[in-house]
Amino acid sequence: MAPATIATTIIVDLRSDTVTRPCADMLYAMVTAPVGDDVWGDDPTVNQLESEAAAMFGKEAGLFCPSGTMTNQIAIKCHTSPGDECICSDSAHIFLYEGGGMASNSGVQARVLPSDRGLISAKQIAAAINSCGIVYARTRLVCLENTTNKGGGTYYSASTLREISALCKARGLALHLDGARIFNAIEASKEYTPLDLGQIFDTISVCLSKGLGCPVGSLLLGSRDFIDRARRARKAMGGGIHQAGFIAAAGLFALKHNIKRLSEDHERAQQLGNALSGLSWVEKVEPVETNIVIVTLRPPLEPTFMQEQLKRRGLLVSSLAAGTIRLVTHLDVGQDAIDWACRVLKDFVPEDDVKDEAVSTAIY
Ligand SMILES: *Cc1c(COP(=O)(O)O)cnc(C)c1O
């Protein structure tokens, strides 16, 4: 399996944990799912997924949506009125990567706080809540991301979450969790369960298409009343899917089979981090907490150059910030693939400009 030359055609895709494809058993669950018309509320597979996920987190109801962007955007819309302010970190997905949706969908402005690798504190939030004079935007909502994406897979401690929750309750603010990778946080922290998080947050967004390996889908969880309003907002955004049970079946499969194994992704991310530390072209590797590895390149190396060079060797990586590359482990990257990727990274010499363009077809 060892690719002695570049022409050996192995591609390991570490750009994101969204790149996974459904395994045969997941596909089987999908094609054999009982379905109805979910816009009429009678798709049994969607209904089962929504109620199982809600029960897991101790919430009354759930809403299945095409994407995590949509679950976040619907949550923001249903928690706020136009002109309100939403507090989040300066690297939050809702602020950076949702197409300005907070403004265009809800007429809400973001109050972004400088973060410690994507994490913000109760003290910072308390200081950012506007007083009620008419000159101020009304602070209405706090959104936390757990784990953080641009922050590099960091997660909140239980004590910080409880402090922020107590603050929001005392000040009458809604608290939303962007839990795109919430099961990674639960697995890594071992300090809180889904039920604990259901107590801490008013609403929770959970992605099925990240570490859980589904081709599509996210869930918004909350009170019955909130989810009734969210269902209307989903329809208005064009997110009502008729026979959605075919894709919801992937979600049911993932909740059952793909949560426990997330610790493997974390171990493999750790292995990548270890392999990268101390390499000549690496300035710094951020501490690896879950399945994301952020590497600062030694100047003058540029992410685009590195991405191209590694791609020619069969390894795909991404970049979310100047001077850095990002590697994300997931369900479709097994131990062999990680061992191979570690070797490619260790053997890499920036000056060594590979001419052979032959990159492959065999996908891990
Ligand atoms: C991926 C992600 C989302 C949702 O992304 P979609 O591609 O719209 O499903 C939301 N928040 C965070 C932190 C993410 O990483």
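Looking at (1) within 22 Å of L195 (Cβ to Cβ); (2) within 13 Å of the ligand (Cβ to nearest atom); (3) not in a loop (DSSP other than H, G, I, E, B), find the lone condition where C88 falls short.
That leaves (1) as the condition not met.
Restricted to the range 188-206, and to residues that are within 16 Å of the ligand (Cβ to nearest atom) and part of a helix (DSSP H, G or I), which residue is most open to solvent (accessible area, probe 1.4 Å)?
Ranking the qualifying residues of the range 188-206, first place goes to A188.
Go through the range 203-230 and count every residue that is among the basic types (K, R), in contact with a helix residue (DSSP H, G or I) (Cβ under 9 Å, 6 or more places away or on another chain) and farther than 27 Å from L262 by Cβ.
So the first thing to find is which residues in the range 203-230 are among the basic types (K, R), and the list is 210, 224, 229.
Adding the requirement that they be in contact with a helix residue (DSSP H, G or I) (Cβ under 9 Å, 6 or more places away or on another chain) leaves 210, 229.
Of the ones still in play, those that are also farther than 27 Å from L262 by Cβ are 229.
Adding up the residues that qualify gives 1.
Restricting to the range 166-183, and then to whatever is assigned to a loop (DSSP other than H, G, I, E, B) and either touching a residue at least 24 places away in the same chain (Cβ under 8 Å) or closer than 20 Å to R117 by Cα (or both), can you tell me which residue is farthest from the ligand (Cβ to nearest atom)?
Within the range 166-183, the match that is farthest from the ligand (Cβ to nearest atom) is L173.
What about C78, is it at pLDDT 95 or above, closer than 25 Å to R231 by Cβ and outside any helix (DSSP H, G or I)?
No: the conditions fail for C78.
Residue by residue through the range 225-257, note down the ones that are open to solvent by less than 10 Å² (accessible area, probe 1.4 Å) and outside any helix (DSSP H, G or I).
G239, A244
Does L219 fit the bill of being outside any loop (DSSP other than H, G, I, E, B), open to solvent by 10 Å² or more (accessible area, probe 1.4 Å) and under 20 Å from L255 (Cβ atoms)? I'd like the intermediate steps shown before the answer.
Details: outside any loop (DSSP other than H, G, I, E, B): yes; open to solvent by 10 Å² or more (accessible area, probe 1.4 Å): no; under 20 Å from L255 (Cβ atoms): yes.
Spelling it out, it is not the case that L219 is outside any loop (DSSP other than H, G, I, E, B), open to solvent by 10 Å² or more (accessible area, probe 1.4 Å) and under 20 Å from L255 (Cβ atoms).
I'd like to verify a number: residues in the range 70-96 that are free of Cβ contacts under 8 Å to residues at least 40 places away in the same chain and of a type outside the set (D, E, K, R), how many?
2
Looking only at residues that are under 25 Å from the mean Cα position of the chain (by Cα) and farther than 19 Å from R21 by Cβ in the range 334-344, which one is most open to solvent (accessible area, probe 1.4 Å)?
Ranking the candidates gives D339 first.
Got a number for residues in the range 91-105 being within 16 Å of the ligand (Cβ to nearest atom) and part of a helix (DSSP H, G or I)?
8
Condition first: in contact with a helix residue (DSSP H, G or I) (Cβ under 7 Å, 6 or more places away or on another chain), in a strand (DSSP E or B) and surrounded by fewer than 20 Cβ atoms within 10 Å (Cβ to Cβ). Now tell me which residues in the range 275-311 satisfy that.
V282, the sole residue that qualifies.
Check whether at least one residue in the range 86-100 is touching a His at 6+ places or on another chain (Cβ under 9 Å) and of a type in the set (S, T, Y), and report yes or no.
no
Just to be sure, is L316 in contact with a Cys (Cβ under 9 Å, 6 or more places away or on another chain) and modelled with pLDDT of 95 or more?
Numbers: in contact with a Cys (Cβ under 9 Å, 6 or more places away or on another chain): no; modelled with pLDDT of 95 or more: yes.
It is false that L316 is in contact with a Cys (Cβ under 9 Å, 6 or more places away or on another chain) and modelled with pLDDT of 95 or more.
For the range 65-85, enumerate the residues that are over 16 Å from the mean Cα position of the chain (by Cα), of a type in the set (V, I, T) and either surrounded by fewer than 24 Cβ atoms within 10 Å (Cβ to Cβ) or within 10 Å of the ligand (Cβ to nearest atom) (or both).
Within the range 65-85, T80 is the sole residue that qualifies.
Scanning the range 106-118 for residues that are part of a loop (DSSP other than H, G, I, E, B) and crowded, with 19+ Cβ neighbours inside 10 Å, which turns out farthest from the ligand (Cβ to nearest atom)?
Across the range 106-118, the extreme among qualifying residues is V108.
Within the range 137-165, can you find the residues that are open to solvent by 40 Å² or more (accessible area, probe 1.4 Å), in contact (Cβ under 8 Å) with a residue 40 or more places away in the chain and more than 21 Å from L320 (Cα to Cα)?
R138, R140, E163
Checking C143 against (1) farther than 18 Å from T71 by Cα; (2) under 18 Å from the mean Cα position of the chain (by Cα); (3) outside any helix (DSSP H, G or I), which test does it fail?
(1)
Check off (1) within 13 Å of the ligand (Cβ to nearest atom); (2) under 24 Å from N47 (Cβ atoms); (3) out of contact with any Lys or Arg (no Cβ under 7 Å at 6 or more places or on another chain); (4) open to solvent by less than 30 Å² (accessible area, probe 1.4 Å) for G62 and give me the number that stays unchecked.
(1)
The values are calculated or read from the model by the stated rules, or taken from the named source; none is laboratory data. Just so it is clear, the structure is predicted and the values come from calculations on it, not from any experiment. Note: ideal-geometry Cβ built from the backbone for every residue, glycine included; neighbour counts use all protein chains shown. Just the protein is used for accessible areas: all its heavy atoms, side chains included, with ligands, DNA and RNA removed. Shrake-Rupley method; radii C 1.70, N 1.55, O 1.52, S 1.80 Å.
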